[in-house]
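These notes are about the structure you will find just below.
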Amino acid sequence: MSIELTLPDGSPLVLDDGATGYDAAAAIGPRLADAAIAVKVDGAARDLHAALPATGTFEVITADGEEGRHILRHSAAHVLAQAVLGLFDGATFAIGPPIEDGFYYDFDIGRPFTPEDLEAIEARMAEIVAADQPFEREEFPKERALEVFADHPFKVEIIQSVDEGEGAAGDAVSAYRNEQFIDLCRGPHVPSTGRLRAFKLLRTAGAYWRGDDKRPQLQRIYGTAWETPKALADYLDRLEEARKRDHRKLGVELDLFSFPQELGSGLAVWHPKGAITRMIMEDYSTRTHLAHGYDLVSSPHIARSHLWQTSGHLDFYAEGMYPAMELDGGDEYLLKPMNCPFHILIFRSRARSYRELPMRMFELGTVYRYERSGVVHGLMRARGFTQDDSHMFVTEEQLAGELQSLLDFTLMVLRDFGFEDFEADLSTIPEKYVGDPVLWERATAYLADALDNAGIEYAVAEGEGAFYGPKIDVHIRDAIGRRWQISTLQVDFGQPENFGLEYATAQNTRERPVMIHRALFGSVERFFGVLLEHYAGALPGWLAPVQATVVPVADRHLDYAREVAAGLANRGLRVEVDDADETVGEKIRRALLAKHPAVLVVGDTDVDEDTVGLRLRGEDEERGVPLGEAAERIADLCAAPR
RNA sequence: GCCGGGGUAGCUCAGGGGUAGAGCAGCUCACUCGUAAUGAGCAGGUCAGGGGUUCAAAUCCCCUCCCCGGCUCCA
């Protein structure tokens, strides 16, 4: 008997019976065997030193790919648990999966971990890695597993719930052992702890068992692990880069906005430099919507509870709303968490005809949501924010075409702000839903078509739709590879029902329109924050609060500097003259730190010859540039996309 | 909301029972300068807020607010 495997390139590989994945890798090449940490047969990952089946497609997993890192991190999580159980008497452990860029493990040691604990744990982990302990797979029946893990109630709970793929075949569960330490695990793992060449513990946090806030809170340790020390260092650099780009930090440094404690959590004030950019974004948004067939509407910030009752918000969203204010002898008013009910009332303000559809209403509507105190995060998650909110009312026949044009419009706008890399989630019908399932299915197919036509990669999130309709969430990737959920496109079969909306058809019958919600920036504040982080504060010229700084070399050049600035301002550019009592070097430094796209230096020769010294963002300085040419080039640099 | 860590000058941070500190920023003066920090001087504080312990609290204790990292949440 022999083993016959098929390699990824289709070629066969024949091995003696009993050969392991490692043998197979070695047969392909010694370098590959060294790099291998696990193998894949017929798509299923297996331990490197497990015996191979008789046939199958064969692939080697190395540590420098996503799957390899996944295994590496999972193994690192085991070593973390081994260290913690060894160091803390009575410690019990729960789950420890790999996650994006790292891993975590949840423990209960009867108290929180301290930073000193973390150092000790990391040191113990290093010892375990240095000892190069093998990971040994064991399989036993559930009953035996319950005995082995009798002291660890969370493990017992996991064993009792194992049946879908967590363990090995049938009634058996698998576990991995290194020395005294044993952990329940599906595997695979790296062959031995010595393969964990680069790891680091990052932080601790409280985490509920099984993510349920009614259940015990465990202490979680987060760590990261990489295939080489270099890859680890690169990752730590990326974290540092993200810290430098933090919009909350840039907001202070560039004097854009602040969150005064007196206002309360999650509420920002916009300083002049931030407000001007925000105004440009909002102005762009309004212009662009108007140019694409939307009608501008406007609505108040509060409404009677009756409205929120009809819309269903008081039933489904009450905990996200600020408490009611009692006015006018008993009438309750609530701050709006969403704009849709108002737009619906505009639709319903008179009889509508099919001739008016699709109706597209657009509003920069400021909403207030009572976010739980622990989730507020700068501009990204605030309690008051402005949505670029649209609601479309369409016939069923118009739905497909409307969804396509909405998605295309969305992508056009995101591209105007410099984003090119999109991914989407398509959320489908959940268990509890309203409306006609046939219509659901049709709408979901339209959304998928729209994504296909736009060439956007998407993942289907089965059952993740809201109860009132399927939706698309559009994500962007920023300059350092982070994914942000930005736009949503949401079909709504519920609200037209709640409000009894209808329109007159060509046959003079009455039909119910379908409603579509769409926020494009999502929230102006949040999108601003994402832009700031994406551009690390150096906003594109058209969005920059100050587009050019004019620096006079000496006081006698101040008049000329002001002339130059006035000329630029006449072209619609935002210009400052730095007349501070400082050296040229310092004034340039200040302009560069403030991320101004253009710096103009003017001295004696410039006054004589109507020129400037020009330094555009990312370029070297240039002397003696004629004033007109400089203005032209700055205007180009700062031109709005439309 | 929950777990943990924090809040000292505009910013970054030191000080941890005995009169509040530094650097940067700010202001004043001098310098008049050609591409990333000119020099000197001055001013700046209810140590987040409130209560308590103490002869004495920025420092120790309690409550509240706000921030940070997670969890949960984000119909």
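Name the one entry in A:Pro470, A:Pro540 that is more than 30 Å from A:Trp270 (Cα to Cα) and either surrounded by 16 or more Cβ atoms within 10 Å (Cβ to Cβ) or of a type in the set (Asp, Glu) (or both).
A:Pro470
Identify, from the list A:Asp255, A:Asp213, A:Asp283, the residue that is over 23 Å from the mean Cα position of the chain (by Cα) and part of a helix (DSSP H, G or I).
One residue alone meets the criteria, A:Asp283.
Only one of A:Asp315, A:Asp331 is within 11 Å of RNA strand B (Cβ to nearest atom) and out of contact with any Cys (no Cβ under 7 Å at 6 or more places or on another chain); which?
Result: A:Asp315 is the single residue among A:Asp315, A:Asp331 that is within 11 Å of RNA strand B (Cβ to nearest atom) and out of contact with any Cys (no Cβ under 7 Å at 6 or more places or on another chain).
From the set of residues in region A:235-261 that are modelled with pLDDT of 90 or more and of a type in the set (D, E, K, R), which is nearest to RNA strand B (Cβ to nearest atom)?
A:Arg248
Of the residues in region A:346-382, how many are free of Cβ contacts under 8 Å to residues at least 24 places away in the same chain, out of contact with any helix residue (DSSP H, G or I) (no Cβ under 9 Å at 6 or more places or on another chain) and within 13 Å of RNA strand B (Cβ to nearest atom)?
Qualifying residue count for the region: 2.
Within region A:603-630, how many residues are within 6 Å of RNA strand B (Cβ to nearest atom) and closer than 25 Å to A:Leu539 by Cβ? Break it down into steps so the answer makes sense when it comes.
From region A:603-630, those within 6 Å of RNA strand B (Cβ to nearest atom) are A:603-606, A:613, A:615, A:621, A:623; that's our starting set.
With closer than 25 Å to A:Leu539 by Cβ added as a condition, the list becomes A:613, A:615, A:621.
Residues meeting the conditions: 3.
Exactly one of these conditions fails for A:Ile486: (1) buried (at least 21 other Cβ atoms within 10 Å of the Cβ); (2) more than 15 Å from the chain's Cα centre (by Cα). Give me its number.
(2)
Can you find even one residue in region A:614-627 that is aliphatic (A, V, I, L, M), in contact with a Lys or Arg (Cβ under 9 Å, 6 or more places away or on another chain), over 19 Å from A:Ile276 (Cα atoms) and loosely packed, with under 14 Cβ neighbours inside 10 Å?
Start the filter on region A:614-627 by keeping residues that are aliphatic (A, V, I, L, M), which leaves A:614, A:616, A:625, A:627.
From the residues that got through so far, the ones that are in contact with a Lys or Arg (Cβ under 9 Å, 6 or more places away or on another chain) too are A:614, A:616, A:625.
Now drop any that are not over 19 Å from A:Ile276 (Cα atoms), which leaves A:614, A:616, A:625.
Filter again for loosely packed, with under 14 Cβ neighbours inside 10 Å, leaving none.
No, there is no match, as no residue in region A:614-627 is aliphatic (A, V, I, L, M), in contact with a Lys or Arg (Cβ under 9 Å, 6 or more places away or on another chain), over 19 Å from A:Ile276 (Cα atoms) and loosely packed, with under 14 Cβ neighbours inside 10 Å.
Any idea which of (1) surrounded by 17 or more Cβ atoms within 10 Å (Cβ to Cβ); (2) without any contact (Cβ under 8 Å) to a residue 60 or more places away in the chain; (3) under 16 Å from A:Asp578 (Cα atoms) is the one A:Ala594 doesn't satisfy?
Of (1) surrounded by 17 or more Cβ atoms within 10 Å (Cβ to Cβ); (2) without any contact (Cβ under 8 Å) to a residue 60 or more places away in the chain; (3) under 16 Å from A:Asp578 (Cα atoms), only one is false for A:Ala594: (2).
Can you tell me which residue among A:Ile182, A:Ile221 is assigned by TED's automatic domain parsing to the domain that holds A:Asp89, within 16 Å of RNA strand B (Cβ to nearest atom), at pLDDT 90 or above and touching a strand residue (DSSP E or B) at 6+ places or on another chain (Cβ under 6 Å)? Outline the logic, then answer.
Numbers: A:Ile182 fails: within 16 Å of RNA strand B (Cβ to nearest atom).
Checking each option against the conditions leaves just A:Ile221.
Give me a count of the residues in region A:29-42 that are crowded, with 16+ Cβ neighbours inside 10 Å and in contact with a strand residue (DSSP E or B) (Cβ under 7 Å, 6 or more places away or on another chain). Outline the logic, then answer.
So the first thing to find is which residues in region A:29-42 are crowded, with 16+ Cβ neighbours inside 10 Å, and the list is A:33, A:35-41.
Imposing the further condition that a residue be in contact with a strand residue (DSSP E or B) (Cβ under 7 Å, 6 or more places away or on another chain) reduces the set to A:35-41.
Total satisfying the criteria: 7.
For region A:577-602, which residues satisfy the criterion of being under 20 Å from A:Leu250 (Cα atoms) and either of a type in the set (A, V, I, L, M) or away from RNA strand B (no atom under 13 Å from the Cβ) (or both)?
A:Ile588, A:Ala591, A:Leu592, A:Leu593, A:Ala594, A:Ala598 - these are the residues of region A:577-602 that are under 20 Å from A:Leu250 (Cα atoms) and either of a type in the set (A, V, I, L, M) or away from RNA strand B (no atom under 13 Å from the Cβ) (or both).
The values are calculated or read from the model by the stated rules, or taken from the named source; none is laboratory data. Because the structure is a prediction, the values reported are computed rather than measured. Here the Cβ is made from the backbone with ideal geometry for all residues, glycine too, and neighbour counts use every protein chain on show.
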